[in-house]
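The values are calculated or read from the model by the stated rules, or taken from the named source; none is laboratory data. The structure displayed is predicted, hence computed values, not measured ones. Virtual Cβ from ideal backbone geometry, glycine too; neighbours counted across all protein chains shown. These area figures cover heavy atoms from the full protein model, side chains too; ligands, DNA and RNA do not enter into them. Shrake-Rupley method; radii C 1.70, N 1.55, O 1.52, S 1.80 Å.
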Amino acid sequence: MTIQNNLSSRAAENLAGSNVMLEGVIKANANKFDFNENRDGIINLGVAENQLMTAELREIFSKVDTADTKLFGYGESPSGSRLLRSHFANNIFNRYFKPYESVLGEQMVLTAGCSATVDNFTFCVCDPGDGILITTPFYGGFNTDIMAKSKARVIEVHLDGVSPFGLEQIQLMQDAVDNARSEGTRVRAFVLSNPHNPLGRMFAREVIIAFLRFASKNQIHILFDEIYALSVFDYALTGLAKEEQPDSNPFISVLSIPNIEQYCEKELVHVAYGMSKDFCLNGFRCGVLLSPWNTELLDAMRSIAVFTWMSSTTEAMLTKLLSDPIVIEDFTKTNQARLAESYTYTVKTLRDHEIPFKPAQGGHFIWIDLRKFIPSHLISSAQAGERSAEHLVWRAMLKEGVYVNLGEAFSERLVGFFRLSFSVPVPMLELGLKRMITACQRASLSDAEA
Ligand SMILES: Cc1ncc(COP(=O)(O)O)c(C=O)c1O
């Protein structure tokens, strides 16, 4: 390219950094595994995509006329039709999130995916250079959502051994805000996912309340990404020992906290949701920003909704799915039972190979510790935080035909942790785990190649 200043500086900035998560996804998607058609392909245990409910979804959607000519035109509104928003309110939030005050369709803006929700939210609350606080490890997509378009900054809070589920972290979060402010950064929000991605656990009520108080004290927005709310399984279904249960916090939505204004100005509290996870519809692209108490933010979100307008076909299909509470209840129960089954299989396999992991109970994934496979010649550099060991194990996995997401993509400082998505049918999971373990064993013996 010979043209000077071909791109805006903000677009050029996006091209400057590397995005490991995206690199892996592109590799895995270019050569997808299929039992019948591509056994040499890559089994995807890296992306949080739930493949456990495809038959049920096929059945539900077979009843939608996707060639209905009404769907060829624009939908009712860029921020979602009234009917679909009311289904979200009545059949999802009011039914499963136990809100202290009932939720209404008019309190939400729909977008083309939860990534777009977080992007649009950031655009509406941050100017370029403003900061959004997140504790590590965190879902790596937040980096893109927050930085790529709005040019806000992610302020990573490294907990370094302090539990992300306890109260002790609040001081570290406060230190991060104080530091950022002393350097002249305007801190605008705290974002977290509950259930936690990548750790697959839920926050206790007292911690949610502490987060609310923290937001209020610092006068920043607080966005609870609750996209895995219905992907929490009953631990009893796993048949695993009770002592191995993470800590049995059920999912508690921030919406369910009574009289939230005791802890935080209500206008600062928001929830993100979407259809990619609990309804296994990553490809549909539907996200929700629910902001029950901040009409100004909703108006701002509506002012840019035209760029993230869901397709009419998606809207029609989702309207069908979410119209029927009984279908949703059956779907959710079956999904949770299958997640429990895949989780159990994963845990048993990890244990057979003495691979440490963090027990989980929500989401599609488990956080695993593959440090024992780091080849000896890389151990000291890995301990010093240099990531080539993690990359080596990761590339060995891709070569063996399995994609697992590396800790770096979640801003984990310790080298050698991975997030493994188990939400695929057990036969595929079995082969994927086998490939992963073979690759790890090979990588660990790779000293000779050094
Ligand atoms: C916590 C969290 N939020 C948002 C998203 C993005 O979801 P969507 O596919 O709706 O953009 C993901 C996807 O992995 C996620 O894990």
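Would you mind working out the magnitude of the charge dipole of the chain relative to its Cα centre, with +1 at each Lys and Arg C-beta and -1 at each Asp and Glu C-beta, to the nearest 20 Debye?
340 debye
Could you work out [θ]222 nm for the chain from helices alone, using -39500 (n - 2.57) per DSSP H run of at least four and dividing by all its residues? Round to the nearest 500 deg cm²/dmol.
Value at 222 nm, helices only, nearest 500: -11500 deg cm²/dmol.
In square angstrom, rounded to the nearest 10, how much accessible surface does residue 127 have for a 1.4 Å probe?
Surface open to solvent at residue 127 totals about 90 Å².
How do 293, 367 stack up against each other in accessible area, from largest to smallest, with a 1.4 angstrom probe?
I get 293, 367, largest accessible area first.
Given springs between every Cα pair under 10 Å in a Gaussian network model of the chain, which of 262, 174, 51 has the largest fluctuation?
262
Hey, if you put +1 on the Cβ of every Lys and Arg and -1 on every Asp and Glu Cβ in the range 73-324, which of 125, 264, 110 ends up farthest toward the positive end of that dipole?
Toward the positive end, the furthest listed residue is 110.
Which whole-number percent gives the relative contact order of the range 267-311, counting Cα pairs below 8 Å spaced six or more residues apart?
Relative contact order of the range 267-311: 35 percent.
Of 309, 394, which has the most accessible area and how do the rest follow, probe 1.4 Å?
The ordering from most to least exposed comes out as 309, 394.
Let me know the shape class of the range 75-137, please: from the alpha-carbon gyration tensor, a ≥ b ≥ c as square roots of the eigenvalues, rounded when a/c is under 1.5, otherwise prolate if a/b is greater than b/c, or oblate.
oblate
In a Gaussian network model over the chain where Cα atoms closer than 10 Å are linked, find which of 74, 403, 139 has the largest mean-square fluctuation.
Between 74, 403, 139, it is 74 that shows the largest mean-square fluctuation.
Enter the accessible area per residue of the chain (Å², integer; probe 1.4 Å; all protein chains in place).
Here the per-residue accessible area is 43 Å².
About its Cα centre, how strong a charge dipole does the range 73-324 have in debye, to the nearest 20, once Lys and Arg get +1 and Asp and Glu get -1 at the Cβ?
In debye, rounded to 20, the range 73-324 gives about 440.
At 30 Å minimum axial length over the Cα atoms and a Kyte-Doolittle cut of 0.0, report the qualifying DSSP H helices in the chain, or say none.
For the chain, where a helix must reach 30 Å along its axis and average at least 0.0, there are no hits.
Please report the antiparallel percentage of the DSSP beta bridges confined to the chain, to the nearest 5.
Beta bridges within the chain, antiparallel portion: roughly 50 percent.
Taking the Cα centre of the range 241-305 as the origin, how large is its charge dipole in debye, to the nearest 20, when only Lys and Arg (+1) and Asp and Glu (-1) carry charge on their Cβ atoms?
320 debye
Do you know the relative contact order of the chain, to the nearest whole percent, from alpha carbon pairs under 8 angstrom that are 6+ apart?
Result for the chain is 23 percent.
As a test question: what accessible area, to the nearest 10 Å², does residue 298 have when a 1.4 Å probe is rolled over all protein chains in place?
Accessible surface of residue 298 is approximately 10 Å².
Just to confirm my numbers, what's the Cα centroid distance between the range 379-450 and the range 293-338 in Å?
The range 379-450 and the range 293-338 have Cα centres spaced 35 Å from each other.
Using only Cα atoms, locate the centre of the range 226-251 and the centre of the range 17-45, then give the distance between them in Å, rounded to an integer.
Centre-to-centre (Cα) distance: 29 Å.
Compute the length gained on full extension between residue 261 and residue 399: take 0.36 nm times their separation in residues and subtract their Cα-Cα distance, giving the result in nm to one decimal.
Contour length minus Cα-Cα distance gives 44.4 nm.
Compare 134, 26 by solvent-accessible area with a 1.4 Å probe and give them largest first, with all protein chains kept in place.
The most accessible residue leads, giving 26, 134.
If you count only protein heavy atoms and use a 1.4 Å probe, how large is the accessible surface of residue 225, to the nearest 10 Å²?
Rounded to the nearest 10, that gives 10 Å².
With unit charges on the beta carbon (Lys/Arg positive, Asp/Glu negative), name the residue among 357, 158, 282 whose Cα is farthest towards the positive pole of the charge dipole of the chain.
My answer, from the dipole projection, is 282.
With the full set of protein chains in place, find how many percent of the accessible area of the chain is carbon and sulfur; take the probe as 1.4 Å.
After summing per-atom areas, the C and S share lands at 51 percent.
Write down Rg/Rh for the chain, rounded to two decimals, with Rg from the C-alpha atoms and Rh from the Kirkwood relation over Cα pairs.
Taking Rg over the Kirkwood Rh, I get 0.95.
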